[in-house]
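Only the coordinates and a few stated rules stand behind these numbers; no lab work does. What you see is a predicted model, and the numbers here were worked out from it, not measured in a lab. Counting neighbours? That spans all protein chains shown, and the Cβs are built from the backbone with ideal geometry, glycine included.
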Protein chains: 2
Amino acid sequence: MSQKSGLTKRRPFQPTPLKRRSPVPPDFEIAQEADLKPITQVAEELGLLPEEIELYGPYKAKVRLEVLERLKDVPNGKYIDVTAITPTPLGEGKTTTTVGLSQALGAHLGYSVVTCLRQPSQGPTFGIKGGAAGGGYSQVIPMEDFNLHLTGDIHAITAANNLLAAAIDARMLHEASATDEQLFERLFPKDKNGKRHFARNMWNRLRKLGIDKTDPDEMTPEERSRFVRLDIDPDSITWRRVIDTSDRFLRAITIGQGPEEKGMERKTGFDITVASELMAILALTTDLADMRRRIGRVVIGTNRRGEPIDADDLGVAGAMTVLMKDAIKPTLMQTLEGTPVFVHAGPFANIAHGNSSIIADMIALKLADYVVTESGFGSDMGMEKFFDIKCRYSGLVPNAVVMVATVRALKMHGGGPKVVAGKPLDHAYTEENLDLLRAGLGNLLAHIGIARKFGVPVVVAINAFATDTPAELELIRKVAVEEGGAEAAVVCRHWELGGEGAVELAEAVVKAAEKPSQFRFLYPLDIPIKEKIEIIAREVYGADGVDYLPEAEAKIEEYTRLGFDKLPICMAKTHLSLSHDPNLKGVPKGFRIPVRDIRASVGAGFLYPLLGTISTMPGLPTRPAFYDIDLDFETGRVVGLF
Amino acid sequence: MSQKSGLTKRRPFQPTPLKRRSPVPPDFEIAQEADLKPITQVAEELGLLPEEIELYGPYKAKVRLEVLERLKDVPNGKYIDVTAITPTPLGEGKTTTTVGLSQALGAHLGYSVVTCLRQPSQGPTFGIKGGAAGGGYSQVIPMEDFNLHLTGDIHAITAANNLLAAAIDARMLHEASATDEQLFERLFPKDKNGKRHFARNMWNRLRKLGIDKTDPDEMTPEERSRFVRLDIDPDSITWRRVIDTSDRFLRAITIGQGPEEKGMERKTGFDITVASELMAILALTTDLADMRRRIGRVVIGTNRRGEPIDADDLGVAGAMTVLMKDAIKPTLMQTLEGTPVFVHAGPFANIAHGNSSIIADMIALKLADYVVTESGFGSDMGMEKFFDIKCRYSGLVPNAVVMVATVRALKMHGGGPKVVAGKPLDHAYTEENLDLLRAGLGNLLAHIGIARKFGVPVVVAINAFATDTPAELELIRKVAVEEGGAEAAVVCRHWELGGEGAVELAEAVVKAAEKPSQFRFLYPLDIPIKEKIEIIAREVYGADGVDYLPEAEAKIEEYTRLGFDKLPICMAKTHLSLSHDPNLKGVPKGFRIPVRDIRASVGAGFLYPLLGTISTMPGLPTRPAFYDIDLDFETGRVVGLF
């Protein structure tokens, strides 16, 4: 094995035999027919102690962070990121490949392995998308748990996010009708002995205001006034409410129209919960104390003097942390072949960084020889953010990138007809067409090039579909290695065969990960905001330059003034093109990136320039997926969730 | 023992010794210092098989409904409801008495016992109220779990409620811009073989419309049109969104103000999740299939012809049931003395019936000799609904009522100064005042009388406070028995002493529950709506009669036309008076009840007349409870949650 210490983390492991059928049945049938190991066994095989897990039923367990302390001296395993070329709207099987590769490593090659995945939002599950647990014979099970509440992390984020939102509006209402002295009396009620106290959640605001009193009564009138009145500018508020439902009617709403809130109404809206900054915090935090700090720093807007107001100013960050205290623990599940999976966090891949949690990866790297983690969308999106944001905050070093490519997507980049979800595929995609494919290979080469800019070896996983021909698959393989400089390019059939279909891929990944790491970030943090944006635009997207709209210029100035300019950049861009324009396929050239606006996730720790209109709340179609979803009372099983 | 079969359900039971201190420390200190048994041990002692529970960490477990099948031939234990006189706004210790009584029965008298409690909403926990796990040495632990997410049931209801809400608005939007033929095409997309299908969630609507086709293409144009167009009248929609946060700015809002929903905006609002009809359904359902049926029947409004539209018409009831499939399982916890507790459901006690779940009680009665369950507010509220709604749907027969009374509340009813939360108590309440107390005893007598109307024996639990004098306590005791006809009246000190302080109460309850049941409902279902309301108003509230506002008259007519008049009645009344006016203390006389409006919870199965303005969304005060709540990173414990 290739541990730094020369030791392997292999332990006795019982692979779950697949009951494969041909043709491959629907995903939910495979998932529901699968044999499951008790999660206690999965945990034990992984080397977790019984007291380090908390069971949530027989097939899910939360993993306690104490395991990191116990294993702090164990060297990390190899860290593998799975990314993709620019996908069609159908997706190119990245999760399926992530799972299939893990099944190959763990159940066929005998390595210890952990798969790290994001938790999907329930919104799309009931709306347009269906489940997200992989596919075919490469899935995470039980898929009902994976796609429904899991262990409640997203619900905890909803609760914490909305407690902050309620606190903002309630505070503005109370401040509007009270003098400073009244606010003081209410914020510092006398106890039985006539004494006032600073509540624990007031300490950070006191520090920020430079007030070093320990008895509220000792504050000067000026200090009292500064402390008790937040004076939030309602027009400055960027904090929105969230809900884990696809509910487009909540995108833009007016609140405070009740008779008791008269005069305080304002426009705002709901995002889907996974778009909450708290989800990004959950994904980027490294321990409970760090999460508490980040939550306290969440900026919700400014006061009327333009100074940022954060969750600590509102005194609510401690309670928000308490609401998320269990969410910080990754959830252990298993693949169809019985290898362990950590499911943890699921931030948006445009307005946030689209990667599963640092904590899950940290724990996994202590427990396994190989950790396979997936980043959202293509290498220009999730992978770039994986390296420049996630690895920067974690300090973890990636060892290899798996680049998923399909004949279908490459033909689209070569000029094939539009691919639309729900519509039958054009025959260009289902019949051999080497010219079309060749014309699209530039997209793959560009993505390999992006990964190599970070100094990480690339293995191309050619995710084979039934209609692909040997000549097509071979063409991709050859070009990826000979022209792209990939370490290897391997045809995989894990959807059809499970881990067995990805053994060759796994072997190539093991070999690539042996190479000494040359990993580097694309940009340093201590350069101006515009320079960071331009490096990403030129080096990753291939743009000629960047143009800033006035809103963006103003924000850059403001954020620089506030000291937020040292944060990494999280570009909110379409994933359907290397450029900002989803219609530009292949390798777009001769374009400039327009930055319309910039937002700050100060708690999570990044700035996100908006390159287009990014919807943060999906809608339901006329016939949502929920029409098929029900309980079968004969079998007690969920039907229609796929 | 007093089982019908003559058999006891006593099993080996290890009481947890209390580490009592004097003076009694704050609730959270007691809770955090307490010894906890593994919940597997609690389950085993209760006679649950390992495969009948699903662990949620070491101290919580969900109980599977399969246990009911295994124990279907076991006779039920004794069924004890804990209610109270008309309380002060501070509450009179009903939960604490429920827990203390259980600790006495289980840990001191050796009976097998289960306590059944409601799950509290997180809104008030972070707002004004703090936790709800009992108090002193009579608490449910771990109190953090009890007061936070528990096992996610409330979050599941939020998700299901809001999926229905999103479905309503999305459907109206899609119908507004599509012809019947377009809707048909979208609702019945052709599969690969060119065939259309009815989705599972369409079956109930088909049946309702009397369409017996099995192939969508066989429907006549008229049938197609009837099926695909719900034609919801936006002004008729009563279904609101919910959130488990105290957020007053969501009470009245305008939704649909985004550019893509133009022309569809409408006024609506959010309630707190526990006010959702789905919470009432969870509390009143008896199994999964019944829950699916009730959810399907939830009426959200009418079409433009005035016909009710329900969740089955929207095709979303199956998915809602799937979201709530785990919520239907009660959560097992423990008291400070190690007796088992089921926590399950927590519907509002005014617009809903305010009782924990039927399912928890059903399971508990099979497992234990004594089941102690609490109903919300006073006997005029939660207890009346416990008998007339909950027992009617469950078929279960109560054996005794415990009526909690305090010197404080009785003095208030005697004309004592106003009791206000957060303000110090007037000395009238903390010094002996037998005249004031005597003047208020009528309220206790009235409540005993209400319980006796149902044919159930009453034991009065006089919840003693440190400032109560022996003469005061004895006066209550004497009047309750001699004038009120209570079986017994017992001074209890379970707050200070735990179960030991309620042993005498427990013995009186055991004795009372031996009496053969004379239980009867207050009214039959097959009389007109107005007659049912008037029986409750006269017999329970002591009113001279009932007046109906025009809105109420119209609803009575409409609901009678729709056949909803056979449902039981759930009065939405203040709990602070036997009358509809919270200022009328003691035993109000010479008043008439005004019914302003009537609403229907058709899925849950009751009509609720509104006697005043009932807030279904609390607000946050200037200094919410969240200011104190944080994590202590030294100990890893939650602080400030009490």
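Give me a single rounded figure for A:312-320: the average over its residues of other chain Cβ atoms within 10 Å of their Cβ. Let's see the in-between values first.
Numbers: counts 0, 0, 3, 7, 6, 2, 10, 14, 4.
For this peptide, the per-residue mean of nearby foreign Cβ atoms is 5.
Would you mind calculating the relative contact order of region B:525-642 from Cα pairs under 8 angstrom and at least 6 residues apart, reporting the percent as a whole number? Don't skip to the answer; put the middle values down first.
Values: 180 pairs, mean separation 28.2, N = 118.
Relative contact order of region B:525-642: 24 percent.
According to the square roots a ≥ b ≥ c of the eigenvalues of the Cα gyration tensor, what is the shape class of region B:485-618, taking rounded for a/c under 1.5, prolate for a/b larger than b/c otherwise, and oblate for the remainder?
Working: a/c = 2.24, a/b = 1.83, b/c = 1.22.
It comes out prolate by the Cα gyration axes.
Sort out for me the Cα centre separation of region A:249-304 from region B:21-69, rounded to whole Å.
35
If you average the C-alpha positions of region A:613-642 and of region A:459-535 separately, how far apart do those two centres end up, in angstrom?
33
Among DSSP beta bridges lying fully in chain B, give the percent that are antiparallel, nearest 5.
Numbers: 29 of 65 bridges.
If we restrict to bridges inside chain B, about 45 percent are antiparallel.
Arrange the following residues from fewest to most other Cβ atoms within 10 Å of their Cβ: B:SER102, A:SER394, A:SER177, A:SER356.
A:SER177, A:SER394, A:SER356, B:SER102
Relative to the longest principal Cα axis of chain A, at what angle does helix A:503-514 sit, 0 to 90 degrees, rounded to 10?
60
Scaled to the compact-protein estimate 2.2 N^0.38 Å, what is the alpha-carbon radius of gyration of region B:205-311, rounded to two decimal places? It would help to have the intermediate numbers written out before the result.
Numbers: Rg = 17.2 Å, N = 107, 2.2 N^0.38 = 13.0 Å.
Scaled against compact globular proteins, the figure is 1.32.
For a protection proxy built on the mean count of beta-carbon atoms within 10 angstrom, sort A:615-624, A:438-447, A:421-430, A:139-148 highest first, please.
A:139-148, A:438-447, A:615-624, A:421-430
On the first, second and third principal axes, largest extent first, how far apart are the outermost C-alpha atoms of region A:407-479 in Å?
That gives 40, 25, 19 Å along the principal axes, largest extent first.
Looking at the protein assembly as shown, send over the antiparallel percent of its DSSP beta bridges, to the nearest 5. Please report the intermediate quantities before stating the final value.
Working: 60 of 132 bridges.
About 45 percent, rounded to the nearest 5.
With the cut-off at 34 Å, report for chain A the share of all Cα pairs above it, as a whole percent.
When every Cα pair of chain A is considered, 44 percent fall beyond 34 Å.
If I take the Cα coordinates of region B:558-612 and project them onto the principal axes, what are the three extents in Å, biggest first?
38, 19, 15
For the ranges A:226-234, B:246-254, B:332-340, what's the packing order if you count other beta-carbon atoms within 10 Å of each residue, average per peptide, and put the highest first?
B:332-340, B:246-254, A:226-234
³J(HN,Hα) across region B:255-264 via Karplus (A = 6.51, B = -1.76, C = 1.60, θ = phi - 60°), whole Hz, x for Gly/Pro?
10, x, 9, x, x, 8, 10, 3, x, 10
Can you list the aspartates and glutamates whose alpha carbon sits under 19 Å from that of A:LYS478, skipping same-chain ones fewer than 8 residues off?
Once the sequence-local aspartates and glutamates are set aside, what remains near A:LYS478 is A:GLU432, A:ASP435, A:ASP468, A:GLU487, A:GLU504, A:GLU507.
According to a simple spin-label model (label point 7 Å from Cα along Cα-to-Cβ), what is the distance in nm between B:ARG21 and B:THR467?
2.4
Just checking the output field for A:397-403: average partner chain Cβ neighbours within 10 Å of each residue's Cβ?
Mean partner shielding for this stretch: 0.
Compute the label zone of B:LYS511 within region B:478-494: residues whose backbone N is under 12 Å from the point 7 Å along Cα-to-Cβ.
Answer for this model: B:487-490.
Taking the simple approach of a point 7 Å from Cα along Cα-to-Cβ for both A:ARG520 and B:GLU51, what is their distance in nm?
6.1
Suppose the chain between A:LYS423 and A:PHE633 were pulled fully straight at 0.36 nm per residue; how much longer would it get relative to their current alpha carbon spacing?
Details: separation 210, 0.36 × 210 = 75.60 nm, distance 3.31 nm.
Roughly 72.3 nm would be gained on extension.
Given only helices, namely DSSP H runs of n ≥ 4 each adding -39500 (n - 2.57), what is the per-residue ellipticity at 222 nm of chain B, to the nearest 500 deg cm²/dmol?
So the helix-based figure for chain B works out to -9000 deg cm²/dmol.
If R₀ is 35 angstrom, what is the calculated FRET efficiency for the pair B:LEU434 and B:ASP544, using the beta carbon separation as r and rounding to 0.05?
0.65
Rg and Dmax in Å for region B:219-271, alpha carbons only: what are they?
So, for region B:219-271, Rg and Dmax equal 15.7, 49 Å respectively.
The protein assembly as shown: Rg/Rh from Cα coordinates, Kirkwood Rh?
0.97
Treating only the Cβ atoms of Lys and Arg (+1) and Asp and Glu (-1) as charged, compute the dipole magnitude of region B:333-465 about its Cα centre; round to the nearest 20 debye.
In total the dipole reaches around 300 debye.
Within a 10 angstrom radius of each residue's Cβ in A:166-177, how many Cβ atoms of other chains show up on average? Whole number is fine.
For this peptide, the per-residue mean of nearby foreign Cβ atoms is 5.
Given 25 °C and 0.890 mPa s, compute D for region B:6-139 with the Stokes-Einstein relation, Rh being the Kirkwood radius over Cα pairs; round to the nearest whole µm²/s. Please list the in-between numbers first.
Numbers: Rh = 17.1 Å.
Value of D from the Cα-based Kirkwood radius: 144 µm²/s.
Among A:LYS9, A:LYS78, B:LYS418, which comes first, then next, by fewest other beta-carbon atoms within 10 Å?
Starting with the residue having the fewest Cβ neighbours, the order is B:LYS418, A:LYS9, A:LYS78.
Counting only C-alpha contacts under 8 Å and six or more residues apart, can you give the relative contact order of chain B as a whole percent?
On the way: 1402 pairs, mean separation 132.2, N = 642.
Taking the mean separation of contacting Cα pairs over the length of chain B, I get 21 percent.
Fewest to most neighbouring Cβ within 10 Å: what's the order for A:TYR370, B:TYR541? Each step should come with its number before you reach the end.
Working: A:TYR370 29, B:TYR541 23.
Ordered by Cβ neighbours within 10 Å, fewest first: B:TYR541, A:TYR370.
Charges at C-beta only: +1 for Lys and Arg, -1 for Asp and Glu. How large is the resulting dipole of region A:345-398 about its Cα centre, in Debye rounded to 20? The partial results should precede the final answer.
Values: 4 positive and 6 negative charges, 36 e Å.
The dipole magnitude comes to about 180 debye.
Could you check the simple spin-label distance between A:LYS589 and A:LYS190, using points 7 Å along Cα→Cβ, in nm with one decimal?
8.0
Do you know the relative contact order of region B:507-587, to the nearest whole percent, from alpha carbon pairs under 8 angstrom that are 6+ apart? It would help to have the intermediate numbers written out before the result.
Details: 57 pairs, mean separation 19.8, N = 81.
With pairs under 8 Å counted, the relative contact order is 24 percent.
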